[in-house]
Amino acid sequence: MAAPAPLLHPDSDPSFAELLALRPQLRMDPLAGLMMEEVPLARIAAAVGTPTWVYSANTLRRRLATLQSALDDARLGAQVHFAVKANPNLAVLRTLGEAGAGADVVSEGELRAARAAGIPASHIVFSGVGKTLAEIRLALAEDIQQINAESAEEVEMISAVATAMGRTARVALRVNPDVDAKTHAKITTGKSENKFGIAIGDAPALYARMATLPGIQPIGVAVHIGSQITAGVSAYRTAYGHLADLVRALRAQGLPVERVDCGGGLGIPYRDEPAPHPAALAGAIQATLGNLGVELMVEPGRWIAGPAGVLLASVILQKQGAERRFVVLDAAMNDLVRPAMYEAWHGIVPVTPADFVAAVAPADVVGPICESGDTFARNRGLPPLEPGSLVAFLDAGAYGAAMSSTYNNRPLAAEVLVDGDRFAVVRERQTQDALLAGQRLPDWFAA
Ligand SMILES: *Cc1c(COP(=O)(O)O)cnc(C)c1O
């Protein structure tokens, strides 16, 4: 009996065509190859080189609009604050800001980026478990919409800074609802063991204290239970239910609650996993917080930006190892860290029409970095790929460039925005000189 043919992924990955069918911003043109909107990705690679991040402006707009209309259909009147940490590129922020998004920021750098992109301070919320005094000062100087406080200690810090500046900070209390969002451990944030927020049982006393502190206007409550939530919306519903109970309890104490910040975390299908539609999230909000007469906000990052971006890379060489074929790319874990960090699966699609239709065989897709963790995919069905062949990593618009490093002294990759038939470099590739800039040899070294 003949040996069975070597298997691809045990439960068979989607084909290239199946991956593209779910991503309308991408299509395979029989002549021009893989296109984003009306621009061939090969043209961008020729002009800008690789590795390069490429973002679709119309996908950013379309996804923001889809989310906003799901919230509007549920009559929530909720504001969308894009989580800047997912993609802090100024052109991305500008695109979303022009389309009506506010920003959720977690650092001085993100606050400055949101303002530089033209997002008004009145649409900016500052979250994060460890804001420095300087960051609190900047937030107050800019008079941003809201600061989400995550501890009693931080509430005291905000009060002291605001009082010294003669300002009043609008503060929402981020609570930890102790629910399991059923996502990767590194991006679960709403369990009691996590560092985020204050225990929901401690919230009433702290909120009451906030109301007595100078420089603080208690504005509401906030929650964010984790990222890449795909296991339905029941964890959201549970968390929001706890939040609604808290709002009622605070009001029963005579405390004002004007706003509820519902956080982000809505997941996307990277491979073919089911993921909730924003309408389901809107339904969970409606069912729990809909009748409280509060202003609502949501803070999605990945759901808006993830599918809007690809990472374009070139094959350096194919290497036949002792047991497997390795496709070695010019992109590496310093560029896209998600596979190494979260065991994440990204679609990897050839860019040329010939590669797209050629027969596939298993390969491991790796970068050149000196770590075995620098592996993007194992046993992936790919055609033979000659040196110089282009591939695109799908769904790389969130937590892609944002999480890049210069590990192995590799310069940060370029970023490009596509809008219809136009494209522009929106972040230059870091130069080798820039990589060394800022370093000094102490003067005790001989000249
Ligand atoms: C990371 C984060 C978000 C966005 O998470 P996504 O999974 O990208 O939607 C929103 N709010 C806060 C406080 C965050 O830390």
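The values are calculated or read from the model by the stated rules, or taken from the named source; none is laboratory data. Predicted model only: the values in this text are computed from it and were never measured. Methodologically, a virtual Cβ is constructed for each residue, glycine included, from the backbone with ideal geometry; neighbour enumeration extends over all protein chains shown.
If the condition is being surrounded by fewer than 19 Cβ atoms within 10 Å (Cβ to Cβ) and touching a Phe, Trp or Tyr at 6+ places or on another chain (Cβ under 9 Å), then the range 384-408 contributes no residue at all. Residues that are under 13 Å from Ala162 (Cα atoms) and under 22 Å from the mean Cα position of the chain (by Cα) within the range 107-138 comprise just one, Glu135.
Residue-by-condition table, conditions (1) touching a residue at least 40 places away in the same chain (Cβ under 8 Å); (2) small (Gly, Ala, Ser); (3) not in a loop (DSSP other than H, G, I, E, B):
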residue	(1), (2), (3)
Ala203	yes, yes, yes
Leu206	yes, no, yes
Ala249	yes, yes, yes
Leu255	yes, no, no
Gly263	yes, yes, no
Pro269	yes, no, no
Ala275	yes, yes, no
Asn291	no, no, no
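Out of Val84, Val92, Val106, Val80, one residue alone is without any contact (Cβ under 8 Å) to a residue 24 or more places away in the chain, aliphatic (A, V, I, L, M), touching a helix residue (DSSP H, G or I) at 6+ places or on another chain (Cβ under 8 Å) and within 14 Å of the ligand (Cβ to nearest atom). It is Val106. Pairs meeting the criteria (first residue in the range 186-197 and charged (D, E, K, R), second residue within 11 Å of the ligand (Cβ to nearest atom) and assigned to a loop (DSSP other than H, G, I, E, B), beta carbons under 7 Å, at least 6 apart or on different chains) are Lys195/Val129. Restricting the range 254-270 to residues that are within 14 Å of the ligand (Cβ to nearest atom) and among the β-branched types (Val, Ile, Thr), the residue that is surrounded by the most Cβ atoms within 10 Å (Cβ to Cβ) is Val260.
Listed conditions (1) away from the ligand (no atom under 14 Å from the Cβ); (2) surrounded by 15 or more Cβ atoms within 10 Å (Cβ to Cβ); (3) not β-branched (Val, Ile, Thr) are all met by Arg251, apart from (2). Restricting to the range 139-152, count the residues that are in a helix (DSSP H, G or I) and within 24 Å of the chain's Cα centre (by Cα). Qualifying residue count for the region: 1. Residues in the range 296-326 that are in a strand (DSSP E or B), within 30 Å of Gly420 (Cβ to Cβ) and not aliphatic (A, V, I, L, M): 2 in all. When each of Ala354, Ala340, Ala284 is tested for being in a helix (DSSP H, G or I) and over 27 Å from the mean Cα position of the chain (by Cα), the lone residue that passes is Ala354.
Run Gly190 past the list (1) in contact with an Asp or Glu (Cβ under 8 Å, 6 or more places away or on another chain); (2) at pLDDT below 95; (3) more than 13 Å from the ligand (Cβ to nearest atom) and report the number of the one that doesn't hold. Single failed check for Gly190: (3). Of all residues in the range 167-177, at least one satisfies being within 16 Å of the ligand (Cβ to nearest atom), more than 21 Å from the chain's Cα centre (by Cα) and outside any strand (DSSP E or B).
Total residues in the range 218-248 satisfying the condition of being of a type in the set (S, T, N, Q) and surrounded by fewer than 22 Cβ atoms within 10 Å (Cβ to Cβ): the figure is 3.
Rundown of residues vs (1) under 22 Å from Ile187 (Cα atoms); (2) within 14 Å of the ligand (Cβ to nearest atom), yes/no style:
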position	(1), (2)
Asp272	yes, no
Ala279	no, no
Gln286	no, no
Trp303	yes, yes
Ala313	no, no
Gln318	no, no
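Condition first: touching a helix residue (DSSP H, G or I) at 6+ places or on another chain (Cβ under 7 Å) and either farther than 29 Å from Arg410 by Cβ or surrounded by fewer than 21 Cβ atoms within 10 Å (Cβ to Cβ) (or both). Can you find one or more residues in the range 37-47 that meet it? The answer is yes, given that some residue of the range 37-47 is touching a helix residue (DSSP H, G or I) at 6+ places or on another chain (Cβ under 7 Å) and either farther than 29 Å from Arg410 by Cβ or surrounded by fewer than 21 Cβ atoms within 10 Å (Cβ to Cβ) (or both).
Which residue, of Ala149, Ala114, is touching a strand residue (DSSP E or B) at 6+ places or on another chain (Cβ under 8 Å) and within 13 Å of the ligand (Cβ to nearest atom)?
Working: Ala114 fails: within 13 Å of the ligand (Cβ to nearest atom).
Matching residue, one of Ala149, Ala114: Ala149.
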